[in-house]
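Please read the structure below before turning to the comments.
What follows is calculated from the coordinates using simple rules that are stated; it is not laboratory data. Predicted, not measured: the structure shown is a model, and the values here were computed from it. Because the Cβ atoms are built from the backbone with ideal geometry, glycine has one as well, and the counts that use them run over all protein chains shown.
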Amino acid sequence: MVQQRARHAWWRDTKWQAVFYQALVLLALAAVFVWLGHNAVEALARRHVASGFAFLEKTAGFGISQTLIAYTEESSYGQAMWVGLVNTLLVSAVSIVLSTLIGFIVGIGRLSSNWLVAKLCTVYVETLRNIPLLLQVVFWYFGVLQTLPGPRDSLHLGEWIVLNNRGVYVPEVIFQPGSWFVVAALVVALTLSYGLNRWAHSVQLRTGHRPPVWWAIPLLVVGLPTIALYATQVPFALSWPQLAGFSYEGGLQINPELAGLTMALSIYTAAYIAEIVRAGLLSVARGQREAAEALGLKRGLSLRLVLVPQAMRVIIPPLASEYLSLTKNSSLAIAIGYPDLVAVFAGTVLNQTGQAIEILTLTMAIYLTLSLITSALMNLYNRAHALEGFA
Amino acid sequence: MRAIFLSLAAVLALGSAASANTLDSVRKNGFIRCGVSEGQPGFSNPDARGNWTGIDVDYCRAVAVAIFNDPNKVRFVPVSFAERFTALQAGQFDILSHNTTWTMDRDVAQGLEFIGTIFYDGQGFMVRKSLGVNSALKLDGATLCTQTGTTSELNAADFFRAHKLKYKILVYQKESEYIAAYDAGRCDAATTDRSGLAGDRLKLKNPADHILLPDTISKEPLGPAIRQGDQQWGDLCRWTLFALVNAEELGVSSKTADAMLNSTSPEVRRLLGKEGGFGAELGLTNDWAYRIIKRLGNYGEIYERGVGVNTPLKLPRGLNALWNKGGIMYAPPIR
């Protein structure tokens, strides 16, 4: 073989040919993009439209209804972009967690031996994944949350929660100086408990006897922060929501825009996740469940210890795509006034500056980056769970 | 968004297609394409049978009469506030007549050319009567609703900052969504141009429960715009608007136009094409203005038909009265 290959010239080698043609295609593609870019810059100049990224430094001048990072009207367009991005990340992260929870419950429920539970879960899946997401977003926002009473007739759920068409208000914990000490104490206590538990578990695996550590964990978790609280003279305060002027002020407010979008995204995506979970569970060989039963494991235990861990190998890759779609679907925010990346940056900023090409390119790049990061994380998780040689 | 991507593709790929001579391409098409709102009563609003009415619509019809002698040789292209400029740039229509505020940035950096002002407006606020608020200065801490892609977002921010008042603003993509949110009580005040608010008020469940506050917080000269760089098309569009205003000033209306053909006033004779060759200089016939006014009326008639006191909007002339009748509507002379 080696001698035979040596007789061919290198350009006759199929391996080199493959690399060569791929490089050629890549070059051609790059040339097309360069040409498009050049064409765009020329066309814009001819039409007297400003181009370039200098606008990112200019003062934005408009307000944004939900800002998790520092932003005022005097901030730059670039800062407005970050505000929008953080809002996108917030709604996506919360919805991913909720949709996964609901999806697993419904997916496992569809396989339940209880007729009613199984049928209810089927109805859930078939209804919600067949209604367009935009309709669901509009339904939760206008159909449900906006029909709540106004601020002056708010619903009070106990003493703590105020509910009206401006949002949900709960008391907010204010961290005063010294509070980091209490938080640190809690973190230390949790870390120690975790270590203690791991150690007890390994001893149990080795000897069959679990060291009596059950009393130490609550003592640690309650005790350490309490000492810290006492030492720092309770560095926390509560800010209560109060009716002031037009609406409630103070406390922690969850806007109906955020709530509506989160509900729609989680409930809709959960229908797809449920099917993925069901497929995953069904992919586990029946013998596995029977073996678990033969060992005397109860249904819950066999699910948790035998079926779900094996099903995860099938579940994770499509689950990652659901997370990606959810993040991109969050751009429906603009329909209900939630200030996400598309609404703020590809919406308001684009309209104020008119620099469509720059802004849409940046927006696409950001979504691409988000998707690639999500993919990479899910791939890492997948690799950790995959069978040898199937990663 | 779809339109943005479409138009982006158009800008990228076609490049030069839309910057050709607009009048030639309009003549070749046999009609004008006119970018209008998705439904703004009094300005550009379709009825149940798809007939468009309003002053922005009538302006485009006037240009159609000037070129084709037929007010129906217009194709109306509804476009959202957010997409209108990109759509114009991409050549989806020939005139943008979309209650658009003439601002420096749009004129200079966004490649638009404004033809003039067809309606002098200003931004205002609409609130529930039950709120008991009688001035915008009492809106401290209020939540506002508006629509994306307008000057309203910035004006509101400027106003509240200048008066050191707190506010929160919710920005919706569509007019219907912004009105629904205000109607549901999500915000305390709706804010946009006063003429727009007057129209939006009619779409609420109980229009009588809502009032416009007296404050006007901005200057909003609304007018048609075209792509920058087509002088001939700009002249034709601009002087069509001026002819409407000059006709009102000279007392030439759809009813009097025929009789005025025998007028001895040199100004009237020039307007109606009896003297001079003004139409020909625009590439039209010399009786272009006569034909427009005969069919559609002068500026005052168009105003009254679209937004005047006998329409649901009930907007008095105010700033839009002629300069010699207490307003600021003024057109350079035809001579």
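Shape call for segment A:235-307 from the C-alpha gyration tensor, a ≥ b ≥ c root eigenvalues: rounded (a/c under 1.5), prolate (a/b greater than b/c) or oblate?
In terms of gyration-tensor shape, oblate.
Taking the Cβ of A:PRO318 as the centre, find all other residues whose Cβ is under 12 Å away and add up their charges (Lys, Arg: +1; Asp, Glu: -1).
0
Kirkwood-based Rg over Rh for chain B (C-alpha set), two decimals?
0.99
Along the positive direction of the dipole of the protein assembly as shown (beta-carbon charges: Lys, Arg +1; Asp, Glu -1; about the Cα centre), which of B:CYS237, A:GLY109, B:VAL252 reaches farthest?
Result: A:GLY109, furthest along the dipole toward the positive end.
Let's see if you can work this out: charge +1 on each Lys and Arg Cβ, -1 on each Asp and Glu Cβ, no other charges. What is the dipole magnitude of segment A:287-391 about its Cα centre, in debye to the nearest 20?
Using only the charged Cβ atoms, the result is roughly 380 debye.
Among A:SER202, A:TRP140, A:HIS156, whose Cα lies farthest out toward the positive end of the dipole of segment A:123-229, if unit charges sit on the beta carbon of Lys, Arg (+1) and Asp, Glu (-1)?
Sorting the options by dipole projection puts first A:SER202.
Evaluate the charge dipole of chain A about its Cα centre and quote only its size in Debye, nearest 20, assuming +1 on the Cβ of each Lys and Arg and -1 on the Cβ of each Asp and Glu.
About 1720 debye.
Taking the alpha-carbon centroid of each part, what is the distance from segment B:42-62 to segment A:212-269 in angstrom?
54
HN-Hα J couplings of segment A:248-265 from phi, Karplus 6.51/-1.76/1.60, θ = phi - 60°, integer Hz, Gly and Pro as x?
7, 10, x, x, 9, 10, 10, 5, x, 5, 5, 5, x, 5, 4, 4, 4, 5
Would you list which aspartates and glutamates come within 16 Å of B:LYS138, measuring only between C-alpha atoms, while excluding same-chain residues fewer than 8 positions from it?
B:ASP158, B:ASP188, B:ASP215
State the percent of C-alpha pairs, over all pairs in the protein assembly as shown, separated by a distance greater than 43 angstrom.
Percentage above 43 Å: 43.
Let me make sure I get this right: for segment B:83-142, a, b and c are the square roots of the gyration tensor eigenvalues over alpha carbons, sorted descending. Under 1.5 in a/c it's rounded, otherwise prolate if a/b > b/c, else oblate. Which is it?
Verdict is prolate for segment B:83-142.
Can you compute log10 of I(q)/I(0) for segment A:1-153 with the Debye formula, treating each Cα as one identical point scatterer, at q = 0.14, 0.15, 0.16 Å⁻¹?
-1.00, -1.03, -1.08
Which whole-number percent is the relative contact order of segment A:1-100 (Cα, under 8 Å, 6+ apart)?
15
Which whole-Hz couplings ³J(HN,Hα) result when phi for each residue of segment A:74-83 is put into the Karplus expression 6.51 cos²θ - 1.76 cosθ + 1.60, θ = phi - 60°, listed in order with x for Gly and Pro?
Here the 3J(HN,Hα) series is 7, 5, 8, 4, x, 5, 4, 4, 5, 4 Hz.
Let me spell out the model: positive unit charges on the Cβ of Lys and Arg, negative unit charges on the Cβ of Asp and Glu, origin at the Cα centre of the protein assembly as shown. What dipole size does that give, in debye rounded to 20?
Dipole of the protein assembly as shown, to the nearest 20 debye: 1960 debye.
Applying the Karplus parametrisation 6.51 cos²θ - 1.76 cosθ + 1.60 with θ = phi - 60° to the phi angles of segment A:219-226, what ³J(HN,Hα) value in whole Hz is obtained for each residue in order, glycine and proline being reported as x?
3J(HN,Hα) across segment A:219-226, in whole Hz: 4, 5, 5, 8, x, 4, x, 5.
Just for the Cα atoms in segment A:229-276, what are the lengths along the principal axes, largest first, rounded to whole Å?
Its Cα atoms span 51, 38, 8 Å along the three principal axes.
Quick check on my link table: of B:LYS174/B:LYS255; B:LYS294/B:LYS325; A:LYS328/B:LYS205, which ones sit more than 30 Å apart, alpha carbon to alpha carbon?
Violating the 30 Å Cα-Cα cut-off are B:LYS174/B:LYS255; A:LYS328/B:LYS205.
Run through every distinct alpha carbon pair of chain A and return the Kirkwood hydrodynamic radius in angstroms, one decimal place.
It is 26.3 Å.
How much of the pair distance distribution for segment A:74-153 lies past 18 Å, counting alpha-carbon pairs only, in percent?
66
Can you give the relative contact order of chain A as a percent, counting alpha carbon pairs under 8 Å and 6+ residues apart?
22
Only Cα pairs under 8 Å and at least 6 apart count here; give the relative contact order of chain B as a rounded whole percent.
20
Along the positive direction of the dipole of segment A:277-391 (beta-carbon charges: Lys, Arg +1; Asp, Glu -1; about the Cα centre), which of A:ILE366, A:PRO317, A:LEU332 reaches farthest?
The Cα lying farthest towards the positive end belongs to A:PRO317.
Ratio of segment B:138-270's C-alpha Rg to 2.2 N^0.38 Å, to two decimals?
Output field value: 1.50.
Let me know the mean shielding of A:342-351 by other chains, meaning the per-residue number of their Cβ atoms within 10 Å of its Cβ.
Taking the mean over all residues of the peptide, I get 5.
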